[in-house]
Amino acid sequence: MSVPRTTTTSTSEPTHIEAPYQTKGHHARTLTKEEQKKLDKDCNVVSEFKQNKLEKEAKKNWDLFYKRNSTNFYKDRHWTTREFEELKTDDNEEKKVLLEVGCGVGNALFPLLEESPSLFIYACDFSPRAVQFVKANPSYNQDRLQAFQCDLTMDPLCEAIPQCNVDIVTMIFVLSAIHPDKMSKAIKNIYSVIKPGGVVLFRDYGLYDHAMLRFSSGHKLADNFYVRQDGTRAYYFSEEKLSKIFTDAGFDVVTSEYVLRETVNKKEGLCVPRVFVQGKFIKRTDYTGNHTTLSTNPTVDEQDEGQVHEQDKGETS
């Protein structure tokens with residue numbers, strides 16, 4: 001069963017137009033025959049040597065991305081409070097602590113500081129250069145915001161944040177750039193600093209997103225996992241895969257669904273389907289599973305893998 005899609009926009013491309021609706025549901029997008037044929041044909045994966053190289057150079061590739069683009073690539077994300085009501089606060093509320101992982105140059109956190117006066121925000125990113133841009137922003141105020149560099153799969157968050165002190169975690173186009181084998185490490189790391197009953201707010205690339213179908217042969221790393229021209233990587237989640245990652249780490253699923261939109265380019269006469277996954281996950285209070293503490297002395301194989309965030313311009317809501 002296919003889900004009907006409604007027209008919307010990518011606010012980062014001025015030739016695109018915007019419509020006010022999007023479709024959410026539990027059914028993955030239905031591929032056309034041509035799209036299915038293209039995916040079936042793309043069965044060769046990148047060599048193990050190159051994959052290891054990409055893993056080791058992940059931090060460098062994202063630092064180069066920010067060197068090229070500075071703070072000019074993404075638009076500020078003013079849509080987060082619309083999609084996640086948990087982010088809305090006012091002056092009369094008790095202060096809440098938020099952790100944003102994969103903060104980039106602050107396109108989500110600085111609007112949040114303005115719109116939600118009762119938030120204190122910890123913000124981290126895999127790229128040291130991105131963190132430098134956050135700290136250089138005129139709106140950076142250490143009384144309300146603390147930014148630091150972190151590899152989610154290797155660096156214990158509890159060393160930078162008092163354990164179990166976080167009410168809300170935002171993961172906006174972050175997990176998709178971590179190798180699938182290490183995603184569970186990142187989620188368990190987050191588990192270590194979020195309060196029992198705390199919530200993770202999640203949005204990322206979904207299965208059969210247009211960006212996934214655009215990859216040509218030679219870019220496939222594994223099923224639903226691809227490398228871009230600049231060496232950054234992207235995984236495209238099914239709803240089931242996403243839910244399992246969180247439940248295995250000790251979270252309950254509040255919501256988990258596909259978000260289907262269409263980006264319309266009037267200039268080129270194109271209409272392309274965008275697919276995201278969006279969810280809310282609450283830390284269970286009775287979880288007794290194994291949460292091995294991340295080592296502060298990682299092996300050589302672990303040293304350069306880490307948390308990153310989205311690159312596609314069409315990711316905005």
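Of note:
- Selection count where residues are in a helix (DSSP H, G or I) and within 19 Å of the chain's Cα centre (by Cα), scope segment 134-152: 1
Quick grid of which residues meet (1) acidic (Asp, Glu); (2) open to solvent by less than 70 Å² (accessible area, probe 1.4 Å); (3) modelled with pLDDT under 90:
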| site | (1), (2), (3) |
| --- | --- |
| Thr15 | no, yes, yes |
| Tyr21 | no, no, yes |
| Thr30 | no, no, no |
| Glu34 | yes, no, no |
| Glu48 | yes, no, no |
| Lys67 | no, no, yes |
| Arg77 | no, yes, yes |
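- Any hit, segment 246-258, residues being buried (at least 21 other Cβ atoms within 10 Å of the Cβ) and modelled with pLDDT under 95: no
- Taking segment 232-242 as the range and being in contact with an Asp or Glu (Cβ under 7 Å, 6 or more places away or on another chain) and open to solvent by 10 Å² or more (accessible area, probe 1.4 Å) as the test, only Glu239 passes.
- Test: residue in segment 48-71 that is in contact with a strand residue (DSSP E or B) (Cβ under 8 Å, 6 or more places away or on another chain) and among the charged types (D, E, K, R): no
- Filtering segment 127-143 to residues that are out of contact with any helix residue (DSSP H, G or I) (no Cβ under 6 Å at 6 or more places or on another chain) and of a type outside the set (Val, Ile, Thr) leaves Pro128, Gln132, Phe133, Lys135, Ala136, Asn137, Pro138, Tyr140, Asn141, Gln142, Asp143.
- Segment 66-82 residues that are over 16 Å from Ser127 (Cα atoms) and polar (S, T, N, Q), paired with ones that are modelled with pLDDT of 80 or more and open to solvent by 60 Å² or more (accessible area, probe 1.4 Å) (beta carbon under 7 Å, 6 or more apart): Thr81/Lys88; Thr81/Glu115
- Gly218 in a strand (DSSP E or B), open to solvent by 10 Å² or more (accessible area, probe 1.4 Å) and either of a type in the set (Gly, Ala, Ser) or under 19 Å from Cys43 (Cα atoms) (or both): no
- Considering each residue of segment 213-226 in turn, none proves to be under 30 Å from Asn165 (Cα atoms) and in contact with a helix residue (DSSP H, G or I) (Cβ under 7 Å, 6 or more places away or on another chain).
- For segment 193-215, the candidate set comprises residues that are among the charged types (D, E, K, R) and outside any strand (DSSP E or B); within that set, the residue that is nearest to Leu152 (Cα to Cα) is Asp209.
- Condition check for Asp209: buried (at least 23 other Cβ atoms within 10 Å of the Cβ) and more than 14 Å from the chain's Cα centre (by Cα): yes
- Identity of the residue in segment 128-172, among the polar types (S, T, N, Q) and within 21 Å of Glu114 (Cβ to Cβ), that ends up least open to solvent (accessible area, probe 1.4 Å): Thr170
- Of all residues in segment 270-293 being closer than 11 Å to Phe251 by Cα and among the aromatic types (Phe, Trp, Tyr), the one that is modelled with the highest pLDDT: Phe281
The values are calculated or read from the model by the stated rules, or taken from the named source; none is laboratory data. All values derive from a computational prediction rather than experimental measurement. So basically every Cβ, Gly included, is an ideal-geometry build from the backbone, and we count neighbours across all protein chains shown. Calculation scope for accessible area: heavy atoms of the full protein, side chains included, ligands and nucleic acids excluded. Shrake-Rupley method; radii C 1.70, N 1.55, O 1.52, S 1.80 Å.
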